[in-house]
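The values are calculated or read from the model by the stated rules, or taken from the named source; none is laboratory data. Because the structure is predicted, anything quoted here is derived from the model rather than measured. Cβ sites come from the backbone with ideal geometry, for glycine too, and all protein chains shown count toward neighbours.
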Amino acid sequence: MKEFDVIIIGGGASGLIAAISSSRKGAKTAVIERLQRVGKKLLVTGNGRCNFSNASLQRNKYHGTDPVFIQNVFEQFNGSQILDFFHELGILSKEEENGRIFPRCDQAGAVLDVLRYECNRLGVDELSSREISEIIQKKDKFILKTAKNEEFHSKKVIITTGGKASPQFGSDGSGFALAQKLGHTIIEPYPSLVQIKLDDEYLNHLKGIRSDARASLYSNESLIDTQEGEILFTEYGISGIPILQLSRYIHHPKLKDTSMELHVDLFPEISFHDMKKMLIDRFQTLSYKSVEHAMIGLINKKMIHPTLTLARIDKAKISSELNSTEIENLAHQIKDRRFAVTGTLSWRDAQVTAGGVSTAEVNDRSLESKLVPGLYFAGELLDIHGDSGGYNLAWAWASGYVAGMHAAKSINGKKKIKK
Ligand SMILES: Cc1cc2nc3c(=O)[nH]c(=O)nc-3n(C[C@H](O)[C@H](O)[C@H](O)COP(=O)(O)OP(=O)(O)OC[C@H]3O[C@@H](n4cnc5c(N)ncnc54)[C@H](O)[C@@H]3O)c2cc1C
(Lines give C-alpha, C1' and ligand atoms only; values in the text may rest on other atoms or scores of the structure.)
Protein backbone atom coordinates (compact mmCIF):
# COMPACT_ATOMS: atom_id res chain seq x y z
CA MET A 1 0.00 0.00 0.00
CA LYS A 2 1.32 3.43 -0.95
CA GLU A 3 0.20 6.88 0.17
CA PHE A 4 0.04 9.93 -2.09
CA ASP A 5 -1.34 13.44 -1.99
CA VAL A 6 -2.80 13.18 -5.49
CA ILE A 7 -3.41 10.06 -7.56
CA ILE A 8 -4.28 10.40 -11.22
CA ILE A 9 -6.10 7.45 -12.78
CA GLY A 10 -5.11 7.16 -16.45
CA GLY A 11 -1.78 8.08 -18.05
CA GLY A 12 -3.08 9.67 -21.25
CA ALA A 13 -2.72 13.28 -22.38
CA SER A 14 -4.82 14.80 -19.60
CA GLY A 15 -3.41 12.48 -16.91
CA LEU A 16 0.23 13.24 -17.69
CA ILE A 17 -0.23 17.00 -17.71
CA ALA A 18 -2.34 16.79 -14.53
CA ALA A 19 0.56 14.93 -12.88
CA ILE A 20 2.97 17.69 -13.92
CA SER A 21 0.81 20.56 -12.67
CA SER A 22 0.00 18.73 -9.43
CA SER A 23 3.61 17.88 -8.77
CA ARG A 24 4.79 21.40 -9.62
CA LYS A 25 2.47 22.61 -6.87
CA GLY A 26 4.35 20.41 -4.42
CA ALA A 27 1.96 17.45 -4.14
CA LYS A 28 3.32 13.89 -3.90
CA THR A 29 1.75 12.61 -7.09
CA ALA A 30 1.27 9.27 -8.85
CA VAL A 31 -0.17 8.32 -12.23
CA ILE A 32 -1.77 4.88 -12.41
CA GLU A 33 -2.12 3.41 -15.90
CA ARG A 34 -3.81 0.14 -16.91
CA LEU A 35 -1.59 -0.48 -19.96
CA GLN A 36 2.11 -1.39 -19.87
CA ARG A 37 3.06 2.14 -20.84
CA VAL A 38 1.52 5.58 -20.50
CA GLY A 39 0.56 7.69 -23.52
CA LYS A 40 -0.18 4.91 -26.01
CA LYS A 41 -2.99 6.89 -27.67
CA LEU A 42 -0.92 10.03 -27.85
CA LEU A 43 1.54 8.23 -30.14
CA VAL A 44 -1.11 7.64 -32.83
CA THR A 45 -2.65 11.12 -32.77
CA GLY A 46 -2.49 13.18 -35.95
CA ASN A 47 -1.33 10.09 -37.87
CA GLY A 48 1.73 9.91 -35.62
CA ARG A 49 2.40 13.66 -35.94
CA CYS A 50 0.20 14.78 -32.99
CA ASN A 51 -1.99 17.73 -33.90
CA PHE A 52 -1.64 18.89 -30.31
CA SER A 53 -3.59 22.17 -30.37
CA ASN A 54 -5.19 24.79 -32.58
CA ALA A 55 -4.26 28.43 -33.08
CA SER A 56 -7.86 29.43 -32.45
CA LEU A 57 -9.61 27.51 -29.67
CA GLN A 58 -13.09 28.92 -30.33
CA ARG A 59 -15.95 27.74 -28.16
CA ASN A 60 -18.07 26.70 -31.16
CA LYS A 61 -15.56 23.93 -31.90
CA TYR A 62 -16.61 22.16 -28.71
CA HIS A 63 -19.77 20.14 -28.11
CA GLY A 64 -21.60 18.48 -25.24
CA THR A 65 -24.69 19.14 -23.13
CA ASP A 66 -23.15 22.43 -21.91
CA PRO A 67 -20.13 23.46 -24.02
CA VAL A 68 -19.89 26.80 -22.13
CA PHE A 69 -18.34 24.63 -19.40
CA ILE A 70 -14.95 24.84 -21.17
CA GLN A 71 -14.74 28.61 -20.82
CA ASN A 72 -13.47 28.84 -17.24
CA VAL A 73 -10.98 26.05 -17.86
CA PHE A 74 -9.43 27.71 -20.93
CA GLU A 75 -9.37 31.03 -19.06
CA GLN A 76 -6.91 29.42 -16.63
CA PHE A 77 -4.83 27.60 -19.29
CA ASN A 78 -5.38 28.98 -22.78
CA GLY A 79 -4.00 28.21 -26.24
CA SER A 80 -0.86 30.30 -25.87
CA GLN A 81 -0.19 28.86 -22.40
CA ILE A 82 -0.44 25.37 -23.94
CA LEU A 83 2.19 26.33 -26.53
CA ASP A 84 4.42 27.99 -23.90
CA PHE A 85 4.14 24.90 -21.70
CA PHE A 86 5.39 22.65 -24.51
CA HIS A 87 8.01 25.15 -25.73
CA GLU A 88 9.46 25.21 -22.21
CA LEU A 89 9.72 21.42 -22.31
CA GLY A 90 11.55 21.65 -25.65
CA ILE A 91 8.83 21.20 -28.29
CA LEU A 92 9.04 23.63 -31.20
CA SER A 93 5.70 23.95 -32.94
CA LYS A 94 4.34 24.91 -36.35
CA GLU A 95 0.93 25.95 -37.60
CA GLU A 96 -0.68 24.22 -40.58
CA GLU A 97 -3.98 24.53 -42.48
CA ASN A 98 -7.00 25.66 -40.41
CA GLY A 99 -4.80 26.60 -37.45
CA ARG A 100 -3.75 23.01 -36.69
CA ILE A 101 -0.64 23.01 -34.46
CA PHE A 102 1.94 20.23 -34.73
CA PRO A 103 5.37 19.70 -33.22
CA ARG A 104 7.88 21.04 -35.77
CA CYS A 105 9.63 17.65 -35.81
CA ASP A 106 6.31 15.96 -36.82
CA GLN A 107 6.68 13.34 -34.06
CA ALA A 108 3.98 12.47 -31.54
CA GLY A 109 6.70 10.50 -29.73
CA ALA A 110 8.50 13.76 -28.98
CA VAL A 111 5.44 15.14 -27.17
CA LEU A 112 5.15 11.98 -25.06
CA ASP A 113 8.89 11.92 -24.33
CA VAL A 114 8.97 15.46 -22.92
CA LEU A 115 5.89 14.82 -20.76
CA ARG A 116 7.40 11.64 -19.33
CA TYR A 117 10.76 13.30 -18.77
CA GLU A 118 9.11 16.14 -16.86
CA CYS A 119 7.05 13.70 -14.74
CA ASN A 120 10.21 11.81 -13.96
CA ARG A 121 12.17 14.98 -13.14
CA LEU A 122 9.45 16.10 -10.73
CA GLY A 123 9.39 12.70 -9.01
CA VAL A 124 5.91 11.63 -10.18
CA ASP A 125 5.40 7.89 -9.61
CA GLU A 126 4.42 6.25 -12.91
CA LEU A 127 2.63 3.03 -11.98
CA SER A 128 1.72 1.14 -15.15
CA SER A 129 0.04 -2.25 -15.78
CA ARG A 130 -2.44 -1.42 -13.03
CA GLU A 131 -6.14 -1.02 -13.70
CA ILE A 132 -8.12 0.79 -11.02
CA SER A 133 -11.35 -1.11 -10.51
CA GLU A 134 -12.66 0.49 -7.33
CA ILE A 135 -12.49 3.83 -5.55
CA ILE A 136 -13.60 3.90 -1.93
CA GLN A 137 -14.09 7.25 -0.26
CA LYS A 138 -13.12 7.41 3.41
CA LYS A 139 -13.47 10.51 5.56
CA ASP A 140 -10.26 12.32 4.61
CA LYS A 141 -8.87 10.09 1.86
CA PHE A 142 -9.58 7.74 -1.01
CA ILE A 143 -8.64 4.07 -1.22
CA LEU A 144 -8.00 2.89 -4.76
CA LYS A 145 -8.01 -0.81 -5.57
CA THR A 146 -6.59 -2.42 -8.69
CA ALA A 147 -8.04 -5.41 -10.49
CA LYS A 148 -5.22 -7.47 -8.87
CA ASN A 149 -6.15 -6.20 -5.39
CA GLU A 150 -3.27 -3.80 -4.90
CA GLU A 151 -4.22 -0.80 -2.78
CA PHE A 152 -3.24 2.88 -3.00
CA HIS A 153 -4.27 5.69 -0.65
CA SER A 154 -4.57 9.31 -1.65
CA LYS A 155 -5.93 12.60 -0.36
CA LYS A 156 -7.19 13.63 -3.81
CA VAL A 157 -8.05 11.66 -6.93
CA ILE A 158 -8.23 12.87 -10.53
CA ILE A 159 -9.96 10.54 -13.00
CA THR A 160 -8.51 10.97 -16.51
CA THR A 161 -9.38 7.60 -18.00
CA GLY A 162 -10.67 8.95 -21.34
CA GLY A 163 -13.91 7.76 -22.90
CA LYS A 164 -14.68 4.65 -24.95
CA ALA A 165 -13.14 5.64 -28.29
CA SER A 166 -10.28 3.48 -29.58
CA PRO A 167 -10.19 1.03 -26.64
CA GLN A 168 -7.13 -0.61 -28.21
CA PHE A 169 -5.20 2.41 -26.87
CA GLY A 170 -6.47 1.95 -23.31
CA SER A 171 -9.70 3.94 -22.94
CA ASP A 172 -12.32 1.21 -22.55
CA GLY A 173 -14.96 3.19 -20.65
CA SER A 174 -13.96 1.85 -17.23
CA GLY A 175 -13.69 5.44 -15.96
CA PHE A 176 -17.42 5.90 -16.53
CA ALA A 177 -18.13 2.96 -14.21
CA LEU A 178 -15.81 4.42 -11.53
CA ALA A 179 -17.52 7.84 -11.74
CA GLN A 180 -20.99 6.29 -11.75
CA LYS A 181 -20.24 4.23 -8.64
CA LEU A 182 -19.35 7.46 -6.86
CA GLY A 183 -22.77 8.86 -7.75
CA HIS A 184 -22.03 10.71 -11.00
CA THR A 185 -24.39 10.80 -13.97
CA ILE A 186 -23.02 9.60 -17.31
CA ILE A 187 -24.49 11.25 -20.38
CA GLU A 188 -24.97 8.34 -22.82
CA PRO A 189 -21.64 8.04 -24.69
CA TYR A 190 -21.53 7.58 -28.47
CA PRO A 191 -18.66 7.52 -31.00
CA SER A 192 -17.64 10.71 -32.79
CA LEU A 193 -14.96 11.67 -35.34
CA VAL A 194 -15.56 8.32 -37.01
CA GLN A 195 -16.08 7.12 -40.59
CA ILE A 196 -19.65 7.00 -41.96
CA LYS A 197 -21.28 3.87 -43.41
CA LEU A 198 -23.33 4.28 -46.59
CA ASP A 199 -25.75 2.07 -48.46
CA ASP A 200 -25.12 2.53 -52.19
CA GLU A 201 -25.09 0.03 -55.02
CA TYR A 202 -22.02 1.69 -56.59
CA LEU A 203 -19.73 1.70 -53.54
CA ASN A 204 -17.60 -0.99 -55.16
CA HIS A 205 -16.91 1.34 -58.10
CA LEU A 206 -16.26 4.31 -55.87
CA LYS A 207 -13.98 2.77 -53.23
CA GLY A 208 -10.50 4.29 -53.26
CA ILE A 209 -11.62 7.57 -54.87
CA ARG A 210 -10.36 10.74 -53.18
CA SER A 211 -11.83 14.08 -54.11
CA ASP A 212 -12.19 17.60 -52.82
CA ALA A 213 -15.88 17.96 -52.12
CA ARG A 214 -18.60 19.53 -50.03
CA ALA A 215 -20.48 16.99 -47.91
CA SER A 216 -23.87 17.88 -46.43
CA LEU A 217 -25.71 15.77 -43.88
CA TYR A 218 -29.52 15.71 -43.97
CA SER A 219 -31.85 14.27 -41.35
CA ASN A 220 -35.45 13.66 -42.48
CA GLU A 221 -34.64 15.92 -45.47
CA SER A 222 -33.52 18.87 -43.29
CA LEU A 223 -29.96 20.11 -43.60
CA ILE A 224 -27.95 19.45 -40.41
CA ASP A 225 -24.43 20.56 -41.34
CA THR A 226 -22.06 21.02 -44.27
CA GLN A 227 -18.30 20.46 -44.35
CA GLU A 228 -15.70 20.84 -47.10
CA GLY A 229 -12.39 19.13 -47.74
CA GLU A 230 -10.97 15.88 -49.06
CA ILE A 231 -13.30 12.88 -48.90
CA LEU A 232 -12.40 9.26 -49.49
CA PHE A 233 -14.81 6.52 -50.61
CA THR A 234 -14.23 3.12 -49.02
CA GLU A 235 -15.80 -0.34 -49.15
CA TYR A 236 -18.07 0.48 -46.18
CA GLY A 237 -18.85 4.12 -47.09
CA ILE A 238 -16.91 7.33 -46.75
CA SER A 239 -14.08 8.90 -44.75
CA GLY A 240 -11.96 12.08 -44.64
CA ILE A 241 -11.92 15.04 -42.27
CA PRO A 242 -15.25 16.59 -43.42
CA ILE A 243 -16.92 13.21 -42.90
CA LEU A 244 -15.41 12.75 -39.43
CA GLN A 245 -16.73 16.20 -38.51
CA LEU A 246 -20.25 15.26 -39.67
CA SER A 247 -20.18 11.93 -37.86
CA ARG A 248 -20.97 13.51 -34.49
CA TYR A 249 -24.62 13.88 -35.55
CA ILE A 250 -25.20 10.26 -36.56
CA HIS A 251 -25.69 8.82 -33.05
CA HIS A 252 -26.84 12.07 -31.46
CA PRO A 253 -29.82 11.19 -29.20
CA LYS A 254 -32.10 13.67 -31.00
CA LEU A 255 -31.19 12.47 -34.51
CA LYS A 256 -30.22 8.82 -34.27
CA ASP A 257 -33.65 7.45 -35.18
CA THR A 258 -34.16 9.74 -38.18
CA SER A 259 -33.52 8.91 -41.82
CA MET A 260 -30.14 10.37 -42.80
CA GLU A 261 -28.67 11.19 -46.18
CA LEU A 262 -25.28 12.49 -47.23
CA HIS A 263 -25.23 14.83 -50.23
CA VAL A 264 -21.87 15.09 -51.98
CA ASP A 265 -20.97 18.03 -54.22
CA LEU A 266 -17.90 17.24 -56.32
CA PHE A 267 -17.67 20.83 -57.63
CA PRO A 268 -18.33 23.03 -54.57
CA GLU A 269 -16.39 25.91 -56.13
CA ILE A 270 -19.09 26.61 -58.77
CA SER A 271 -22.87 27.02 -58.69
CA PHE A 272 -25.33 24.53 -60.17
CA HIS A 273 -26.03 27.00 -63.00
CA ASP A 274 -22.31 27.30 -63.84
CA MET A 275 -21.94 23.51 -63.68
CA LYS A 276 -24.65 23.11 -66.32
CA LYS A 277 -23.00 25.78 -68.46
CA MET A 278 -19.63 24.05 -68.12
CA LEU A 279 -21.16 20.73 -69.22
CA ILE A 280 -22.89 22.32 -72.24
CA ASP A 281 -19.59 23.94 -73.32
CA ARG A 282 -17.69 20.73 -72.74
CA PHE A 283 -20.05 18.55 -74.76
CA GLN A 284 -19.96 21.09 -77.58
CA THR A 285 -16.16 21.22 -77.67
CA LEU A 286 -15.89 17.42 -77.42
CA SER A 287 -18.97 16.79 -79.57
CA TYR A 288 -17.19 14.08 -81.61
CA LYS A 289 -16.59 11.89 -78.47
CA SER A 290 -18.95 9.52 -76.70
CA VAL A 291 -20.27 10.96 -73.42
CA GLU A 292 -18.16 8.44 -71.51
CA HIS A 293 -14.96 9.71 -73.15
CA ALA A 294 -16.00 13.36 -72.90
CA MET A 295 -16.32 12.91 -69.10
CA ILE A 296 -12.67 11.81 -68.74
CA GLY A 297 -10.73 14.60 -67.07
CA LEU A 298 -13.83 16.15 -65.51
CA ILE A 299 -14.41 13.71 -62.65
CA ASN A 300 -12.53 10.65 -61.42
CA LYS A 301 -12.64 7.92 -64.12
CA LYS A 302 -14.06 5.36 -61.67
CA MET A 303 -17.02 7.65 -61.08
CA ILE A 304 -18.04 8.07 -64.70
CA HIS A 305 -20.00 4.84 -65.12
CA PRO A 306 -22.17 5.17 -61.97
CA THR A 307 -22.69 8.90 -62.58
CA LEU A 308 -23.94 8.36 -66.13
CA THR A 309 -26.14 5.42 -65.08
CA LEU A 310 -27.77 7.46 -62.29
CA ALA A 311 -28.28 10.35 -64.73
CA ARG A 312 -29.96 7.82 -67.08
CA ILE A 313 -27.51 8.52 -69.93
CA ASP A 314 -26.21 5.85 -72.32
CA LYS A 315 -22.42 6.05 -72.03
CA ALA A 316 -21.99 5.35 -75.76
CA LYS A 317 -24.14 8.30 -76.77
CA ILE A 318 -22.34 10.93 -78.83
CA SER A 319 -21.86 14.13 -76.82
CA SER A 320 -23.50 16.38 -79.41
CA GLU A 321 -26.74 14.39 -79.04
CA LEU A 322 -27.27 15.02 -75.31
CA ASN A 323 -30.50 16.87 -74.56
CA SER A 324 -30.99 19.51 -71.86
CA THR A 325 -32.74 17.11 -69.42
CA GLU A 326 -29.79 14.74 -69.60
CA ILE A 327 -27.34 17.58 -68.95
CA GLU A 328 -29.47 18.77 -66.03
CA ASN A 329 -29.51 15.21 -64.59
CA LEU A 330 -25.76 14.94 -65.00
CA ALA A 331 -25.17 18.27 -63.25
CA HIS A 332 -27.33 16.99 -60.36
CA GLN A 333 -25.32 13.78 -60.05
CA ILE A 334 -22.06 15.75 -59.96
CA LYS A 335 -23.19 18.50 -57.59
CA ASP A 336 -25.74 16.68 -55.47
CA ARG A 337 -25.02 12.95 -55.36
CA ARG A 338 -27.14 11.43 -52.57
CA PHE A 339 -26.20 8.50 -50.36
CA ALA A 340 -28.26 6.75 -47.68
CA VAL A 341 -26.44 6.81 -44.31
CA THR A 342 -26.65 3.56 -42.35
CA GLY A 343 -24.43 4.40 -39.36
CA THR A 344 -20.77 4.74 -38.50
CA LEU A 345 -17.86 2.40 -37.93
CA SER A 346 -17.41 1.17 -34.35
CA TRP A 347 -15.82 2.49 -31.15
CA ARG A 348 -12.53 0.95 -32.32
CA ASP A 349 -12.42 3.36 -35.25
CA ALA A 350 -13.70 6.45 -33.43
CA GLN A 351 -11.25 9.17 -32.43
CA VAL A 352 -13.36 10.64 -29.64
CA THR A 353 -16.29 9.99 -27.34
CA ALA A 354 -19.32 12.25 -27.25
CA GLY A 355 -21.15 12.18 -23.90
CA GLY A 356 -19.50 11.25 -20.61
CA VAL A 357 -19.48 12.50 -17.01
CA SER A 358 -22.17 15.18 -16.73
CA THR A 359 -20.54 18.61 -16.45
CA ALA A 360 -23.52 19.80 -14.37
CA GLU A 361 -22.05 17.83 -11.46
CA VAL A 362 -18.52 19.25 -11.81
CA ASN A 363 -17.19 22.67 -10.73
CA ASP A 364 -16.22 24.46 -13.94
CA ARG A 365 -13.27 26.34 -12.34
CA SER A 366 -11.57 23.62 -10.32
CA LEU A 367 -12.96 20.52 -12.10
CA GLU A 368 -13.73 19.11 -8.65
CA SER A 369 -16.82 16.95 -8.28
CA LYS A 370 -19.78 18.75 -6.75
CA LEU A 371 -20.85 15.42 -5.24
CA VAL A 372 -17.59 13.97 -3.90
CA PRO A 373 -15.14 16.52 -2.42
CA GLY A 374 -11.56 15.71 -3.35
CA LEU A 375 -12.49 13.96 -6.60
CA TYR A 376 -11.59 15.68 -9.89
CA PHE A 377 -12.16 14.93 -13.58
CA ALA A 378 -10.34 15.94 -16.77
CA GLY A 379 -10.12 15.13 -20.48
CA GLU A 380 -12.38 13.14 -22.72
CA LEU A 381 -14.10 11.43 -19.77
CA LEU A 382 -16.17 14.61 -19.31
CA ASP A 383 -19.19 15.34 -21.50
CA ILE A 384 -17.14 17.60 -23.81
CA HIS A 385 -15.77 16.73 -27.23
CA GLY A 386 -14.18 18.84 -29.92
CA ASP A 387 -13.97 18.99 -33.71
CA SER A 388 -11.03 17.53 -35.55
CA GLY A 389 -8.12 20.01 -35.63
CA GLY A 390 -6.25 19.73 -32.31
CA TYR A 391 -9.26 20.72 -30.20
CA ASN A 392 -9.51 17.45 -28.28
CA LEU A 393 -5.89 17.40 -27.17
CA ALA A 394 -6.13 21.11 -26.32
CA TRP A 395 -9.07 20.23 -24.04
CA ALA A 396 -7.10 17.33 -22.51
CA TRP A 397 -4.11 19.65 -21.78
CA ALA A 398 -6.19 22.54 -20.41
CA SER A 399 -8.52 20.44 -18.25
CA GLY A 400 -5.70 18.16 -17.04
CA TYR A 401 -3.51 21.10 -16.09
CA VAL A 402 -6.33 22.89 -14.28
CA ALA A 403 -7.51 19.78 -12.38
CA GLY A 404 -3.93 18.95 -11.30
CA MET A 405 -3.32 22.49 -10.13
CA HIS A 406 -6.52 22.72 -8.06
CA ALA A 407 -6.21 19.22 -6.58
CA ALA A 408 -2.69 19.98 -5.34
CA LYS A 409 -3.46 23.54 -4.28
CA SER A 410 -6.26 22.44 -2.01
CA ILE A 411 -3.99 20.21 0.09
CA ASN A 412 -0.71 21.97 -0.15
CA GLY A 413 -0.79 25.66 0.50
CA LYS A 414 2.39 25.44 2.60
CA LYS A 415 4.52 22.98 0.62
CA LYS A 416 7.44 24.19 -1.47
CA ILE A 417 6.52 24.77 -5.11
CA LYS A 418 8.80 22.87 -7.53
CA LYS A 419 10.06 24.71 -10.59
C1 LIG B 1 -6.36 7.62 -33.84
C2 LIG B 1 -6.60 8.88 -33.06
C3 LIG B 1 -6.05 10.08 -33.51
C4 LIG B 1 -6.30 11.27 -32.82
N5 LIG B 1 -5.69 12.41 -33.24
C6 LIG B 1 -5.88 13.56 -32.56
C7 LIG B 1 -5.18 14.76 -32.95
O8 LIG B 1 -4.33 14.75 -33.83
N9 LIG B 1 -5.48 15.90 -32.25
C10 LIG B 1 -6.38 15.92 -31.22
O11 LIG B 1 -6.61 16.99 -30.65
N12 LIG B 1 -7.00 14.79 -30.80
C13 LIG B 1 -6.76 13.62 -31.44
N14 LIG B 1 -7.37 12.47 -31.00
C15 LIG B 1 -8.21 12.53 -29.77
C16 LIG B 1 -7.29 12.61 -28.53
O17 LIG B 1 -6.28 11.65 -28.63
C18 LIG B 1 -8.09 12.36 -27.24
O19 LIG B 1 -9.19 13.25 -27.17
C20 LIG B 1 -7.19 12.55 -26.01
O21 LIG B 1 -6.11 11.64 -26.06
C22 LIG B 1 -7.98 12.33 -24.73
O23 LIG B 1 -7.07 12.37 -23.65
P24 LIG B 1 -7.45 11.74 -22.25
O25 LIG B 1 -6.23 11.86 -21.40
O26 LIG B 1 -8.71 12.33 -21.76
O27 LIG B 1 -7.76 10.20 -22.54
P28 LIG B 1 -6.83 9.06 -23.17
O29 LIG B 1 -5.77 9.66 -24.01
O30 LIG B 1 -7.76 8.10 -23.78
O31 LIG B 1 -6.11 8.43 -21.92
C32 LIG B 1 -6.79 7.66 -20.96
C33 LIG B 1 -5.79 6.74 -20.27
O34 LIG B 1 -6.41 6.14 -19.14
C35 LIG B 1 -6.06 4.76 -19.09
N36 LIG B 1 -7.10 4.07 -18.31
C37 LIG B 1 -8.39 3.88 -18.69
N38 LIG B 1 -9.06 3.25 -17.68
C39 LIG B 1 -8.18 3.05 -16.67
C40 LIG B 1 -8.28 2.45 -15.38
N41 LIG B 1 -9.45 1.97 -14.92
N42 LIG B 1 -7.17 2.40 -14.61
C43 LIG B 1 -6.00 2.89 -15.04
N44 LIG B 1 -5.84 3.48 -16.27
C45 LIG B 1 -6.93 3.57 -17.07
C46 LIG B 1 -5.99 4.36 -20.55
O47 LIG B 1 -5.24 3.20 -20.75
C48 LIG B 1 -5.35 5.60 -21.17
O49 LIG B 1 -3.96 5.54 -21.19
C50 LIG B 1 -7.12 11.26 -31.64
C51 LIG B 1 -7.64 10.06 -31.19
C52 LIG B 1 -7.38 8.88 -31.88
C53 LIG B 1 -7.95 7.58 -31.36
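For (1) assigned by TED's automatic domain parsing to the domain that holds Ile241; (2) of a type in the set (A, V, I, L, M); (3) farther than 24 Å from Lys138 by Cα; (4) in contact with a Cys (Cβ under 8 Å, 6 or more places away or on another chain), each residue gets a yes or a no:
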| site | (1), (2), (3), (4) |
| --- | --- |
| Val341 | yes, yes, yes, no |
| Gly356 | no, no, yes, no |
| Val362 | no, yes, no, no |
| Arg365 | no, no, yes, no |
| Glu368 | no, no, no, no |
| Val372 | no, yes, no, no |
| Leu375 | no, yes, no, no |
| Glu380 | no, no, yes, no |
| Ile384 | no, yes, yes, no |
All positions within the stretch 55-64 that are within 18 Å of Gln76 (Cβ to Cβ) and within 11 Å of the ligand (Cβ to nearest atom):
Leu57
Picked from the stretch 362-413 (must be within 13 Å of the ligand (Cβ to nearest atom) and in a loop (DSSP other than H, G, I, E, B)), the residue farthest from Arg248 (Cα to Cα) is Leu367
Being at pLDDT 95 or above, within 30 Å of Ser93 (Cβ to Cβ) and β-branched (Val, Ile, Thr) is the requirement here; does Val157 meet it?
no
Of the residues that make up the stretch 170-189, is at least one part of a loop (DSSP other than H, G, I, E, B), of a type in the set (A, V, I, L, M), buried (at least 22 other Cβ atoms within 10 Å of the Cβ) and assigned by TED's automatic domain parsing to the domain that holds Trp397?
no
Does the stretch 357-365 contain any residue that is surrounded by fewer than 24 Cβ atoms within 10 Å (Cβ to Cβ), over 30 Å from Thr185 (Cβ atoms) and out of contact with any helix residue (DSSP H, G or I) (no Cβ under 7 Å at 6 or more places or on another chain)?
no
Considering only the stretch 160-167, I want to know if a residue exists there that is among the β-branched types (Val, Ile, Thr), farther than 30 Å from Ser23 by Cα and crowded, with 22+ Cβ neighbours inside 10 Å.
no
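Yes/no matrix, rows are residues, columns are (1) modelled with pLDDT under 95; (2) over 20 Å from Tyr376 (Cβ atoms):
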| residue | (1), (2) |
| --- | --- |
| Phe85 | no, no |
| Ile101 | no, yes |
| Asp106 | no, yes |
| Gly109 | no, yes |
| Ile132 | no, no |
| Phe142 | no, no |
| Lys148 | yes, yes |
Would a scan of the stretch 263-286 turn up a residue that is assigned to a strand (DSSP E or B), buried (at least 16 other Cβ atoms within 10 Å of the Cβ) and among the charged types (D, E, K, R)?
yes
Any residue at all in the stretch 53-60 that is touching a residue at least 60 places away in the same chain (Cβ under 8 Å) and under 13 Å from Ile384 (Cβ atoms)?
yes
Residue by residue through the stretch 226-268, note down the ones that are under 27 Å from Leu330 (Cβ atoms) and among the acidic types (Asp, Glu).
Glu228, Glu230, Glu235, Glu261, Asp265
For Pro306, work out the one condition from (1) in the same structural domain as Ser56 (by TED's automatic domain parsing); (2) more than 19 Å from Tyr249 (Cα to Cα) it doesn't fulfil.
(1)
Would you check if Asn47 is without any contact (Cβ under 8 Å) to a residue 12 or more places away in the chain and closer than 19 Å to Ser192 by Cα?
yes
